[in-house]
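> Got a structure for you, questions after.
The values are calculated or read from the model by the stated rules, or taken from the named source; none is laboratory data. If you're wondering where the values come from, they're calculated on a predicted model, not measured in any experiment. Glycine also receives a Cβ, built like all others from the backbone with ideal geometry; neighbour counts cover every protein chain displayed.
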Amino acid sequence: MENSERKVWYALQTFHCREQQVEDYLKEQGLKSFIPMLYTERVLPDGKKKRELTPAVHNLLFLQKAWDDDDSFLARLIVGCPYPLRILRYSDSTKYYEIPDSQMIELRAICDPDYEGTLYTDREFAEARPGQRVRVIHGTFKGLTGKLVRYKNRFYVVITLATLGIFVHIPKWYCEAEQAR
């Protein structure tokens, strides 16, 4: 088994918009994390506009597993963090929600803040949209798989992960239907 196949990530929920402070704490601990970001414009008091990089979804970040004994290490990590946080679990289970590295690579690609065709929603809204499973065959996101949906008269490929639903605007002719498994 290849090393990248064994790598997993955990979804962490913070409170009070402290995701960047938690990310700094994780970096101090020598751990790798990821926060989906996007550019927003803010009007300064003098009337000028400033473009800033801000979290796309507040109170959510991802932590790459870099240890063997997950239960005790994660417990120490949560207790030692100066900001409240929790690790997301599967519904009706005590098992942590583990995200394979391959899905995180796709997530990091589609969460590029320079790409303006991305919408962030909650998982329930994204899963409720009717659509067909597709694979992107052209363009920047070639190889991406998801559900092709129509939303506000535009076509999007929808990816869901943890509590997050991501709509990526991709022309429908860049996609082909996935074969039933």
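> Within the range 1-19, take every residue that is surrounded by fewer than 16 Cβ atoms within 10 Å (Cβ to Cβ) and not aliphatic (A, V, I, L, M) and give me the one that is farthest from Met104 (Cα to Cα). Give the steps one after another, and end with the answer.
From the range 1-19, those surrounded by fewer than 16 Cβ atoms within 10 Å (Cβ to Cβ) are 1-6, 15-17; that's our starting set.
Going one step further and asking which of them are not aliphatic (A, V, I, L, M), we end up with 2-6, 15-17.
On the way: Glu2: 16, Asn3: 14, Ser4: 11, Glu5: 11, Arg6: 12, Phe15: 22, His16: 25, Cys17: 22 Å.
Among those that are surrounded by fewer than 16 Cβ atoms within 10 Å (Cβ to Cβ) and not aliphatic (A, V, I, L, M), it is His16.
> Within the range 84-95, is even one residue modelled with pLDDT under 95, surrounded by 15 or more Cβ atoms within 10 Å (Cβ to Cβ) and under 16 Å from the mean Cα position of the chain (by Cα)?
Checked the range 84-95: at least one residue is modelled with pLDDT under 95, surrounded by 15 or more Cβ atoms within 10 Å (Cβ to Cβ) and under 16 Å from the mean Cα position of the chain (by Cα).
> Please pick out the residue among Leu60, Leu107 that is touching an Asp or Glu at 6+ places or on another chain (Cβ under 9 Å), among the hydrophobic types (A, V, I, L, M, F, W, C) and closer than 18 Å to Thr160 by Cβ.
Step by step, each of Leu60, Leu107 is checked, and only Leu60 is touching an Asp or Glu at 6+ places or on another chain (Cβ under 9 Å), among the hydrophobic types (A, V, I, L, M, F, W, C) and closer than 18 Å to Thr160 by Cβ.
> In the range 127-170, how many are more than 19 Å from Leu107 (Cβ to Cβ) and out of contact with any Gly (no Cβ under 8 Å at 6 or more places or on another chain)?
10
> Please find, among Leu61, Leu38, Leu77, the residue that is hydrophobic (A, V, I, L, M, F, W, C), more than 25 Å from Pro113 (Cβ to Cβ), buried (at least 16 other Cβ atoms within 10 Å of the Cβ) and in contact (Cβ under 8 Å) with a residue 12 or more places away in the chain.
Result of the check over Leu61, Leu38, Leu77: Leu77.
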